[in-house]
């Protein structure tokens with residue numbers, strides 16, 4: 001059984017993130033989708049449903065500090081801080097698009113609706129394939145990559161469990177795809 005995997009190394013992550021950013025201005029939408037997935041830990045359905053008014057205050061003509069939404073899968077309310085990387089990607093696409101507040105952030109090129117999950121998957125898979133990542137990279141890898149790198153940076157599992165709305169630590173631990181290499185590194189680092 002194949003399982004969606006996180007992007008584990010910073011080098012792979014850097015190449016993957018930059019794939020769409022280094023191409024045409026119209027690919028900034030795809031770049032933003034990847035950056036938003038990596039920096040918010042939201043499911044792709046929640047990302048694709050976002051309108052500009054969720055991230056941009058048109059009265060103040062500035063990005064908001066948080067995204068507030070009700071997660072589609074769980075029905076739970078969540079508030080996510082916009083970090084500097086995500087703000088820069090949002091502003092870059094905003095400058096190209098010049099959207100109305102009610103427009104979808106990830107609008108289809110064919111009309112006023114959001115791209116669908118299949119298109120989002122194709123966007124992620126193309127970036128993964130072009131940057132030499134495994135076939136186990138999908139839209140859900142963005143969410144898992146956030147947690148994996150947060151865990152590697154020492155974020156307590158209880159906080160990640162809360163971010164993901166998991167009911168147990170066991171689920172979060174399995175979700176992070178901690179493998180033998182990760183365990184080995186602990187033994188190499190802790191030399192008493």
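Values in this text are rule-based calculations from the coordinates and carry no lab data. From a predicted model like this one, the values you see are computed outputs, not experimental measurements. Please note: Cβ atoms are built from the backbone with ideal geometry, for glycine as well, and neighbour counts cover all protein chains shown.
Take the alpha-carbon centre of the stretch 79-152, take the same for the stretch 1-61, and report the distance between them in whole Å. Answer, in whole Å: 3.
Which order do the peptides 152-161, 138-147, 86-95 take when ranked by the mean count of other beta-carbon atoms within 10 Å per residue, highest first? Could the numbers behind the result be given before it?
Working: 152-161: 12.9, 138-147: 22.7, 86-95: 17.4.
The most tightly packed comes first, giving 138-147, 86-95, 152-161.
Normalising the average separation of contacting C-alpha pairs (under 8 angstrom, six or more residues apart) by the number of residues puts the relative contact order of the stretch 100-180 at 16 percent. When DSSP beta bridges are restricted to pairs lying wholly in the chain, around 100% turn out antiparallel.
Sorting the segments 29-41, 163-175 by their residues' average number of neighbouring beta-carbon atoms within 10 angstrom, most packed first, yields 29-41, 163-175.
Once a ≥ b ≥ c are taken as the square roots of the eigenvalues of the Cα gyration tensor of the stretch 74-119, is the result rounded (a/c under 1.5), prolate (a/b larger than b/c) or oblate (a/b not larger than b/c)? Kindly include the intermediate steps, with their values, before the conclusion.
Working: a/c = 1.93, a/b = 1.11, b/c = 1.73.
Because a/c hits 1.5 or more and a/b fails to exceed b/c, the stretch 74-119 counts as oblate.
Take every pair of alpha-carbon atoms less than 8 Å apart whose residues are at least six positions apart; their mean separation over the length of the chain yields a relative contact order of 29 percent.
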